[in-house]
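Below: one structure, written as structure tokens.
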Amino acid sequence: MQLDNRAQTLLKALVERYIADGLPVGSRALSKISGLDLSPATIRNIMADLEELGYVSSPHTSAGRIPTPRGYRIFVDTLLTVKHLDEHLVESRLQLQTPQKTIANAAQMLSSLSQFAGVVLSPRRESVFQQIEFLRLSEKRILLVIVGPGGDVQNRLLLTEADYTPAQLVQSANYINQNYGGLSFDMVRVRLQSELRQLRDDMGCLMQAAVEAGSEVMADHSDDMVISGERNLLSVSDLSSNMHSLRQMFDMFEQKTGLMQLLDVSSKATGVQIFIGGESNLVPMDEMSVVTAPYEVNGKIVGTLGVIGPTRMAYERVIPIVDITAKLLSNALSHH
């Protein structure tokens, strides 16, 4: 429902005051801070209407009102005036190193600038490999070394039924590299099935084991998310005021799956997205909000970053922090 100008002004004043001090806001305070020349009775009537529409609620302990998730939503979507943030100030803090270290720096910077938790979902690792090696560790124990297109290296231990000689391991690795290097392990699996008949059984078993292990390595996204500053949230009373909230919050950080789902969703949109607890099923706690933005490499969206904080956060300050960091990270990774 469309709110008239008076209702919008009062809702904006109420949300801003509540974000600032965390206390329910009464009609008397609103008449002073809103700048509207309205009687207390008129303000009370408008607030009653806002409450009926679900934008504000009245805690039992107070005559004042606080914003609901729906009230925060209309505030961030239509009433918010975003503060200017000096891009050079942010840029000077984002140290350019390897892509992974630059991503870690971005998470730390989001955290230190917002004083909440910063999170970056890294670009998904490509499932293709450039080459593999087999290293014999001991009888029936082989180290599979996978080298990706960018030179990144992943290792996986293989426990085999047969004992392979170093010469056999070199021969098998050479066969895979010459015939399949540059393909994904899924494509190799399909092609191997039709070609294995031409290979000796024991060599075929080794190659199949390598392909299965390689697929698992490439599907493992456990290190795809960098989180910084979780401890900052312990000093936010809205989030740490009860043990249930604390458990929910740290379960989210530990399990990561829900957070990854949320960041994945926001990578499909452009610009800054705001997920408000109590409104979005993707946010596990009513008192929590997540402000996100996707970032790019050479014009293609590859990941998402954001700030995790209380619903009662200074959105006008956090939004530009997230927006500018996404742009700077895009530039840094594109020019790497």
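The values are calculated or read from the model by the stated rules, or taken from the named source; none is laboratory data. Since this is a predicted model, take the numbers as computed values, not measurements. A quick note on method: Cβ atoms are made from the backbone with ideal geometry, for glycine too, and the neighbour counts reach across all protein chains shown. The protein model used for the area step is the full one, side chains on, heavy atoms only, and it has no ligands, DNA or RNA in it. Shrake-Rupley method; radii C 1.70, N 1.55, O 1.52, S 1.80 Å.
Going by what's in this entry, would residue 136 be described as under 30 Å from residue 264 (Cα atoms) and among the basic types (Lys, Arg)?
no
If we scan segment 149-156, do we find a residue that is modelled with pLDDT under 90, part of a strand (DSSP E or B), on the phi < 0 side of the Ramachandran plot and touching a Lys or Arg at 6+ places or on another chain (Cβ under 9 Å)?
Yes, segment 149-156 contains a residue that is modelled with pLDDT under 90, part of a strand (DSSP E or B), on the phi < 0 side of the Ramachandran plot and touching a Lys or Arg at 6+ places or on another chain (Cβ under 9 Å).
Name the residue that is nearest to residue 236 (Cα to Cα), counting only residues in segment 33-50 that are open to solvent by 50 Å² or more (accessible area, probe 1.4 Å) and not in a helix (DSSP H, G or I).
Step by step, filter segment 33-50, then rank; the result is 35.
Before we move on, is residue 49 at pLDDT 90 or above and over 36 Å from the mean Cα position of the chain (by Cα)?
Yes; evaluated as a whole, the condition is true for this residue.
Can you name the residue in segment 1-32 that is of a type in the set (A, V, I, L, M) and more than 36 Å from the chain's Cα centre (by Cα) and, of all such residues, is surrounded by the fewest Cβ atoms within 10 Å (Cβ to Cβ)?
In this case the residue turns out to be 29.
Could you list all residues from segment 192-216 that are modelled with pLDDT under 80 and of a type in the set (D, E, K, R)?
Passing the criteria: 195, 197, 200, 201, 202, 216.
Would you please list the contacts, defined by Cβ atoms under 9 Å and residues six or more apart or on different chains, that run from a residue in segment 1-29 that is on the phi > 0 side of the Ramachandran plot to a residue that is part of a helix (DSSP H, G or I) and open to solvent by less than 50 Å² (accessible area, probe 1.4 Å)?
Final answer for the pair search is 22/238.
Within the bounds of segment 57-70, is there any residue that is in a helix (DSSP H, G or I) and surrounded by 20 or more Cβ atoms within 10 Å (Cβ to Cβ)?
No, because not a single residue in segment 57-70 is in a helix (DSSP H, G or I) and surrounded by 20 or more Cβ atoms within 10 Å (Cβ to Cβ).
Look at segment 228-274 and say how many of its residues are aliphatic (A, V, I, L, M) and within 13 Å of the chain's Cα centre (by Cα).
So the count comes out to 8.
Go through segment 284-310 residue by residue and tally those that are open to solvent by 10 Å² or more (accessible area, probe 1.4 Å), in contact with an Asp or Glu (Cβ under 7 Å, 6 or more places away or on another chain) and not hydrophobic (A, V, I, L, M, F, W, C).
Residues flagged as open to solvent by 10 Å² or more (accessible area, probe 1.4 Å), in contact with an Asp or Glu (Cβ under 7 Å, 6 or more places away or on another chain) and not hydrophobic (A, V, I, L, M, F, W, C) within segment 284-310 amount to 1.
Go through the residues of segment 119-140 one by one and say whether even a single one is open to solvent by less than 60 Å² (accessible area, probe 1.4 Å), free of Cβ contacts under 8 Å to residues at least 12 places away in the same chain, out of contact with any Cys (no Cβ under 6 Å at 6 or more places or on another chain) and not hydrophobic (A, V, I, L, M, F, W, C).
Yes, the conditions are met somewhere in segment 119-140.
Is there a residue being modelled with pLDDT of 90 or more and among the polar types (S, T, N, Q) anywhere in segment 115-128?
yes
With the requirement that a residue be of a type in the set (A, V, I, L, M) and in a loop (DSSP other than H, G, I, E, B), what does segment 72-119 give you?
80, 82, 85, 94, 96
Please work out which residue is surrounded by the most Cβ atoms within 10 Å (Cβ to Cβ), limiting yourself to segment 242-283 and to residues that are of a type in the set (Gly, Ala, Ser) and more than 22 Å from residue 303 (Cβ to Cβ).
Once the filter is applied, the top-ranked residue is 277.
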